[in-house]
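The values are calculated or read from the model by the stated rules, or taken from the named source; none is laboratory data. As the structure is a computational prediction, the values presented were derived from the model and not from experiment. Neighbour counts are summed over all protein chains in view; Cβ atoms, including those assigned to glycine, are modelled from backbone coordinates with ideal geometry. Note: accessible area is taken over every heavy atom of the protein model, side chains too, but ligands, DNA and RNA are not part of it. Shrake-Rupley method; radii C 1.70, N 1.55, O 1.52, S 1.80 Å.
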Protein chains: 2
Amino acid sequence: MKIGELAQRAGTSVKTIRYYDRVGVLCPEERSESGYRLYGEDALDRYRFVRAAQAVGLRLGEIREIIALRDRGETPCGFVVDLIGRRAAELDARIAELQVLRDELRSLDRRARHLDPRRCDPRLVCHVIDAGA
Amino acid sequence: MKIGELAQRAGTSVKTIRYYDRVGVLCPEERSESGYRLYGEDALDRYRFVRAAQAVGLRLGEIREIIALRDRGETPCGFVVDLIGRRAAELDARIAELQVLRDELRSLDRRARHLDPRRCDPRLVCHVIDAGA
DNA sequence: CTAGAACCTCCCCTGGAGGGGAGAGTCAAG
DNA sequence: CTTGACTCTCCCCTCCAGGGGAGGTTCTAG
């Protein structure tokens, strides 16, 4: 199967499939004499795996490592478990940061509603934000 | 005051100050004959305002708009309140997304610990992720 | 007067996952 | 035989807030 058919059956773009080849997560089985990428049926499963892994927040570089382990005959489970554990911890930290920021915005918002714009200090750009700094 | 002194007193880099000029959030009062940026004392307050606005998640383009309103003699409060309200709503949405993702990762993690790597289907890249797809 | 510090503009680089398009080769049907 | 669809590689562009450095002025202290 050539790249166009794979892209269509996978419901994605030719550009994406080429990009996946380039970063090493979905390489063609072989090339035709003229250099066309040729894929087998399993390319479709591989594509779905890549998407599933992306959907849980893994980056293509990490997905490539998982695939490389598998291709070396090792079971990547341990690596994957580590990876998702770390990613979950990172997410926790990120979520906490965003919550702090959101709470700050909410309190700025509440305070701003009690401020009178006419009592703005003309020397400041905006007392809503200056006051919150 | 020239750019180097401003950068030092503000505790930032010359590059950053030049960048702020370029995007229009902190422009010099004037230029010397030789083209050097010359700043007044208020540049320091302006700088702090920009940093405060960045700290609550506003982008330089938005900060520029706030400053532009102010420079046109309008009070940007309404605009700012809208902006932070929208940003807070965006953050809520983003936080919810990340929480979903994190919960998914946690459940993958829990399930993975009960799987036996030796029972991995060799045709799959990784049953941990495939199973979660 | 001269060395070196400070300043200028201009251009490329980062990271992630591709998108857009140029220019050229290849393949199938009419 | 030709046309049009498909494919190839290569290069630039996106977003964001700058960082790095080249190559060229200008200022300042000794």
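Could you work out what % of the accessible surface of the protein assembly as shown is carbon and sulfur, using a 1.4 angstrom probe and leaving DNA, RNA and ligands out of the count?
Carbon plus sulfur share of accessible area: 48 percent.
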For the rotation taking chain A to chain B, the chain A residue with the nearest C-beta to the axis, plus the distance in whole Å, reads A:ILE95, 3
In degrees, nearest 10, the alpha-carbon axis of helix B:42-55 is tilted away from the dominant principal axis of the alpha carbons of chain B by 10 degrees
Per-residue average of other protein chain Cβ atoms inside 10 Å, peptide B:69-77 -> 4
So, in nm and shortest first, the distances from A:GLY73 to its counterparts in the other copies, with label points 7 Å along Cα→Cβ, work out as 8.2
Semi-axes in Å, largest first, for chain B (Cα gyration tensor, √(5λ)) are 50, 20, 11
Simple SL model, points at 7 angstrom along Cα→Cβ for B:HIS114 and B:LYS15; separation in nm is 5.1 nm
Stokes-Einstein, Kirkwood over Cα pairs, the stretch A:1-74, 10 °C, 1.306 mPa s; D in µm²/s equals 126 µm²/s
Output row A,B: buried area (accessible, probe 1.4 Å, summed both chains) in Å², nearest hundred, equals 4000 Å²
Rounded to 0.05, the calculated FRET efficiency for the beta carbons of B:ALA89 and A:ALA96 at R₀ = 30 Å is 0.95
Quarter of the surface of the C-alpha convex hull for the stretch A:53-104, i.e. direction-averaged projected area in nm², equals 3.8 nm²
To the nearest 10 degrees, the tilt of helix B:60-71 (Cα long axis) against the first principal axis of the alpha carbons of chain B is 30 degrees
Nearest 10, in degrees from 0 to 90: the angle of helix B:14-23 to the longest Cα principal axis of chain B is 90 degrees
Sorting A:MET1, A:VAL50, A:THR12 by the position of each Cα along the dipole of the stretch A:1-74 (Lys, Arg +1; Asp, Glu -1; all at Cβ), the one nearest the positive end of that ordering is A:THR12
In Å, the Kirkwood hydrodynamic radius from C-alpha pairs for the protein assembly as shown sits at 22.8 Å
Treating only Lys and Arg (+1) and Asp and Glu (-1) as charged, each at its beta carbon, one finds that the stretch B:75-133 has a dipole about its Cα centre, in Debye to the nearest 20, of 300 debye
Highest mean packing first, using Cβ neighbours within 10 angstrom, the peptides A:52-65, B:100-113 sort as A:52-65, B:100-113
Interface call, the stretch B:13-49: threshold 50 Å², probe 1.4 Å, accessible heavy-atom surface of protein chains, chain by itself vs complex, result B:PHE49
For peptide A:58-64, the mean count of other chain Cβ atoms within 10 Å per residue Cβ is 1
Taking B:18-26, B:34-42 and ranking on average Cβ neighbours within 10 Å, highest first, one gets B:18-26, B:34-42
Accessible-area loss of at least 50 Å² in the complex relative to the chain alone (1.4 Å probe) applies, within the stretch B:99-125, to B:LEU101, B:ARG102, B:LEU105, B:ARG106, B:VAL125
Computed over chain A, protein heavy atoms only, probe 1.4 angstrom, the accessible area per residue in square angstrom equals 58 Å²
Here the correct list, in nm and shortest first, of distances from B:GLY11 to the same site in the other copies, label points 7 Å along Cα→Cβ, is 5.1
In the neighbourhood of A:LEU83 defined by beta carbon distances under 9 Å, the net charge of the other residues (Lys, Arg +1; Asp, Glu -1) is -1
Between B:ASP82 and B:GLU5, the two model label points (7 Å from Cα along the beta-carbon direction) sit apart by a distance in nm of 4.0 nm
For chain B, averaging the sequence separation of alpha carbon pairs under 8 Å that lie six or more residues apart and dividing by its residue count, the contact order in percent is 15 percent
